[in-house]
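Please treat every number below as a calculation from the coordinates, not as lab data. Because the structure is predicted, anything quoted here is derived from the model rather than measured. Cβ atoms come from the backbone with ideal geometry, glycine included; neighbour counts cover every protein chain shown.
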């Protein structure tokens, strides 16, 4: 399996890039990479490029960029807006959101959210690693955590918000998606205890929000987030894979 890395530098044929300390450690000490080994790199702007390692030391690795393997391709404008949950579960949500094509993850604090803080650095690392492994061309953006009411107060009404209503009053998500025009989309998932009644009432009044159901069972918050993103991707298609050269 060819190694694949997200980097921030511009990519073009002939570029010589010094990798950051963390990536150098990963390649040299974890993956035991050797000089001359092939690597794929992407930066979210210039597509995917093939390169090779020109120098490998304990904490210093450089690579030479050769040729583009995939041009930058359109990806879905799909946000996951989710109440923070306990560490291992929110890490899983961040990882799977990246794999399932989310363009952004926005942690929001609700009335019943138990977790009081979000380790954004850790979540960003999980999303980057997942993007590297699943061969997408971008890493999802991690938006600044905010209270749910403030997030909704500044909401762009052009972005349809599908909120997972565990009360059962929402229509099946596939049915709602069939009626929503293609365009910016977001999925809102509540905390372990679900939305408070006043939050559900507030959401129902928003013209851009649509209550949806994932079926007859009450799902864990992390399960609901992953299931909803998988359904959206399956119905709306996968824009994340451009043609390979």
query = Taking the DSSP beta bridges in the chain as the whole, what percent of them are antiparallel, to the nearest 5?
reply = 35 percent
Whole-number percent relative contact order across region 3-70, with pairs defined as alpha carbons under 8 Å at least 6 apart = 40 percent
request  = For a footprinting-style exposure proxy, rank 148, 188 by other Cβ within 10 Å, fewest first.
outcome  = 148, 188
query = So what's the angle, to the nearest 10 degrees on a 0 to 90 scale, between helix 120-134 and the longest Cα principal axis of the chain?
reply = 70 degrees
ask   = In what sequence do 105, 137, 143 fall when counting other Cβ within 10 Å, fewest first?
value = 143, 137, 105
query = Remind me, relative contact order of the chain in percent, using alpha carbon pairs under 8 angstrom and six or more residues apart?
reply = 21 percent
inquiry  = Binning at 5 angstrom from zero up to the longest distance, how are the C-alpha pair distances of region 83-170 distributed in percent?
reply    = 3, 13, 21, 23, 20, 14, 5, 1
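Taking the highest mean first, how do the peptides 49-61, 124-136 order by number of other beta carbon atoms within 10 angstrom per residue?
Answer by packing, highest mean first, reads 124-136, 49-61.
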Residue 235-residue 64 pseudo-label distance in nm [points 7 Å out on the Cα-to-Cβ vector] = 5.0 nm
query = Does anyone have the angle between helix 87-99 and the longest principal axis of the chain? Alpha-carbon axes, 0 to 90°, nearest 10?
reply = 70 degrees
Estimated inter-spin distance, residue 34 and residue 124, nm [label 7 Å along Cα→Cβ] = 3.5 nm
Degrees between helix 221-236 axis and first principal axis of the chain (Cα, 0 to 90, nearest 10) = 80 degrees
inquiry  = Over region 51-181, what is the relative contact order in percent, taking alpha-carbon pairs closer than 8 angstrom and at least six residues apart?
reply    = 20 percent
inquiry  = What distance in nm lies between label points placed 7 Å from Cα along the C-beta direction at residue 22 and residue 167?
reply    = 4.1 nm
